[in-house]
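Throughout, read-outs are computed from the coordinates displayed, never taken from laboratory work. Computed from a predicted model, the values in this text were never measured in an experiment. No Cβ is skipped: glycine too gets one built from the backbone with ideal geometry, and neighbour counts run over all protein chains shown.
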Amino acid sequence: MKTGAYLCGGIMHPPMKAIIIGAGIGGLTTAIALQQQGIDYDIYEAAPECRAVGAGIMLGGNAMTVYERLGVGEAIRRVSIFPENIFVSNYKGKVLQQVSNAYIRQRYGQGAHLLHRATLQQELLQAAQQPVRWGKRFERLEHHPHGVVAYFEDGSTATADLLIGADGIRSTVREKYVAPATYRYSGQTCWRAIIPMTLTPEEQKNATEVWGNGNGLRASYMQVDGDRVYFWFTKKMPAGQAFTGEAAIAFMKKELAHFSERTQEVVAAITPDMLLHADLYDFKPIDAWYKDKVVLLGDACHATTPNLGQGASQAIEDALMLARCLKQEKTITDAFKKYQDSRMARVHKVVGMSWRLAQVTNWKGALATGLRDMIVRMIPHRITQQQMEFLYHLKW
Ligand SMILES: Cc1cc2nc3c(=O)[nH]c(=O)nc-3n(C[C@H](O)[C@H](O)[C@H](O)COP(=O)(O)OP(=O)(O)OC[C@H]3O[C@@H](n4cnc5c(N)ncnc54)[C@H](O)[C@@H]3O)c2cc1C
């Protein structure tokens, strides 16, 4: 894709080109957002090829609004599930919180959608005009008076006006060229699985996260398309514990023995090859997202624990904002600054909220968890409303 010089605010810009490092949700969405603004790019990914990896994902109403603006909203809605309600309940079946996703859609234009990550990746790959350059692991860069040169592990190089590090929580771009991060272990490990099964219409309508009796014990299952269910499980334990697939399934069965029979049926359908295991980390918020001609995006600058289901959604918001700033501002530095100023406070708040939620679910003992459940159940409607307004209402 070649772009001509463009006029913006009365200023003639030469054609601009960006290198995107990482073809995850953030990098691919950035590609689509840049092309919408007429900005040229190339996208480089360390994975050797496109593989259908990952489990399920919930895209918040805010992310769906961005995708609508990028022209891919309809395609994503077509391949995903829209739950009418999202519940948090305890393992005894008591509802602790209920969010009407239908109401969110009515009020803010878009509600949350559930889908397989690989399905989302396919939709984004189709919408991006430039092919991903697979098997390109970014190693280092050099600054030049008019841009950057990126060096890859295979010895190849790429040149552009700027470089966008969308290379995830363990970002090489961030660590070497912007600001090193201090990782925080949430205390929880997580297993996920995609199970070939179809839930009842009632279950599909009401996506539910179930909290156990403390120590980070939670589980959930939800339909992500016609015949696949996304299951996840968390539990407090030291990081780095090795489990075989069989041992993990046995462990989850034991932990969930006092959950509903239906939960146990779902777990019984999991086989070891379906499991993905990850210790849940974020990092302490950093206060610089760019330096010189390098800018960060998504988990690379603000990885968050998945408790609010907002990590990818915030990366998606970043992508649209960064592309707009690059188009509107006179210099790359002005664009990076405006992007950072527009995004940082909001994202830091999301990271903080998500971190605190993880810690609350880590409480242990019947007394503490009983108190926790009561507090969550009694959160005034006004507060829940404010939180929805904050998360889902994109005011820009
Ligand atoms: C258990 C779990 C559940 C989650 N659930 C949700 C959810 O429901 N909703 C939600 O919004 N978020 C969720 N998240 C968060 C979400 O997955 C992330 O926030 C999101 O994937 C971040 O996207 P990204 O593109 O910034 O990073 P990534 O998805 O990590 O992509 C980074 C890409 O960069 C590539 N890369 C890395 N290093 C290099 C290099 N040196 N050179 C080239 N390429 C490189 C990687 O291979 C990868 O493809 C969850 C996270 C976890 C752990």
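Quickly rank 47-53, 191-197, 315-321, 249-255 as a protection proxy: mean count of other C-beta atoms within 10 Å, highest first.
Working: 47-53: 11.3, 191-197: 19.3, 315-321: 26.7, 249-255: 15.6.
The packing order, highest mean first, is 315-321, 191-197, 249-255, 47-53.
Send over the per residue convex hull volume for segment 289-396, Cα only, as a whole number of Å³.
Numbers: hull volume 9.9 nm³, N = 108.
Taking only Cα atoms, segment 289-396 has a hull volume of 92 Å³ per residue.
Which shape class, rounded, prolate or oblate, goes with segment 50-109 when its Cα gyration tensor gives a ≥ b ≥ c as root eigenvalues, a/c under 1.5 marks rounded, and past that a/b bigger than b/c marks prolate?
Working: a/c = 3.10, a/b = 1.42, b/c = 2.18.
It comes out oblate by the Cα gyration axes.
For segment 106-136 and segment 32-74, compute the distance between their C-alpha centroids and round to whole Å.
If we compute the Cα centre of each part, the gap is 4 Å.
In nm², what is the average projected area of the convex hull enclosing the Cα atoms of segment 238-346?
Working: hull surface 38.8 nm².
So the Cα hull casts an average projection of 9.7 nm².
Which value, in Å to one decimal place, does the Kirkwood hydrodynamic radius take for the chain when every pair of different Cα atoms is included? Numbers along the way, then the final one.
On the way: mean 1/r = 0.0457 Å⁻¹.
This gives a value of 21.9 Å.
Over 27 Å between Cα atoms: which of 235/291; 176/337; 92/254 fall into that group?
Values: 235/291 38 Å; 176/337 20 Å; 92/254 16 Å.
Checking Cα-Cα distances, 235/291 exceed 27 Å.
Along the Cα→Cβ direction, 7 angstrom out, place labels at residue 69 and residue 387. What is the inter-label distance in nm?
With each label placed 7 Å out from Cα toward Cβ, I get 2.5 nm.
Once the Cα atoms of helix 311-328 and of the chain are each reduced to a long axis, what angle between those two axes, in degrees from 0 to 90 to the nearest 10, is obtained?
20
In segment 100-207, with Lys and Arg counted as +1 and Asp and Glu as -1 at Cβ, which of these residues, 188, 165, 152, has the Cα nearest the positive end of the dipole, that is, farthest along it?
188
With the cut-off at 1.5 for a/c, could you classify segment 172-239 from its C-alpha gyration tensor as rounded, prolate or oblate?
Numbers: a/c = 3.35, a/b = 1.76, b/c = 1.90.
It is oblate, given that a/c is not under 1.5 and a/b is not larger than b/c.
Taking segment 196-279, how much of its Cα-Cα pair set, in percent, is spaced more than 15 angstrom apart?
Numbers: 2025 of 3486 pairs.
The answer is 58 percent, as a whole percent.
Excluding residue 338 itself, calculate the net charge of residues whose Cβ lies under 12 Å from the Cβ of residue 338, where each Lys or Arg counts +1 and each Asp or Glu counts -1.
Values: positive: 324, 327, 330, 337, 343; negative: 329, 334, 341.
That sum, taken over residues with Cβ under 12 Å, equals +2.
Tell me the relative contact order for the chain as a rounded percent, counting alpha carbon contacts under 8 Å between residues six or more apart.
On the way: 810 pairs, mean separation 83.0, N = 396.
Computed over the chain, the figure is 21 percent.
Using the Cα centre of the chain as origin and beta-carbon charges of +1 (Lys, Arg) and -1 (Asp, Glu), tell me which of 125, 348, 47 is placed farthest towards the positive end of the dipole.
Ranked along the dipole, the leading option is 348.
Please state the charge dipole magnitude for the chain, taken about the Cα centre, from unit charges on C-beta atoms (+1 on K and R, -1 on D and E), reported in debye and rounded to the nearest 20.
1020
Can you tell me, using C-alpha contacts under 8 Å and at least 6 residues apart, the relative contact order of segment 197-239 as a whole percent?
Details: 60 pairs, mean separation 15.6, N = 43.
Over segment 197-239, the number comes to 36 percent.
Net charge near residue 292: determine it from the other residues with C-beta under 15 Å of the C-beta of residue 292, scoring Lys and Arg +1 and Asp and Glu -1. Could you put the intermediate results ahead of the total?
On the way: positive: 140, 174, 176, 291, 293, 337; negative: 142, 161, 334.
Net charge around residue 292: +3.
At a temperature of 10 °C and a viscosity of 1.306 mPa s, determine how fast segment 127-183 diffuses translationally according to Stokes-Einstein, using the Kirkwood radius over alpha-carbon pairs as Rh; express D in µm²/s, rounded to the nearest whole number.
Working: Rh = 12.6 Å.
Translational D for this selection: 126 µm²/s.
Please work out whether segment 37-85 counts as rounded, prolate or oblate from its C-alpha gyration tensor, where a ≥ b ≥ c are the square roots of the eigenvalues and a/c under 1.5 means rounded, while otherwise a/b larger than b/c means prolate and anything else oblate?
Numbers: a/c = 2.68, a/b = 1.29, b/c = 2.08.
Here segment 37-85 falls in the oblate category.
Tally Lys and Arg at +1 and Asp and Glu at -1 over the other residues with C-beta under 12 Å from the C-beta of residue 388: what net charge comes out? All intermediate terms of the calculation are to be shown ahead of the outcome.
Details: positive: 105, 107, 382; negative: 389.
Around residue 388, the surrounding residues sum to +2.
Using +1 on the beta carbon of Lys and Arg, -1 on that of Asp and Glu, and nothing else charged, what's the dipole of segment 131-200 about the Cα centre, debye to 20? Spell out each step's value before the answer.
Details: 9 positive and 7 negative charges, 63 e Å.
It works out to roughly 300 debye.
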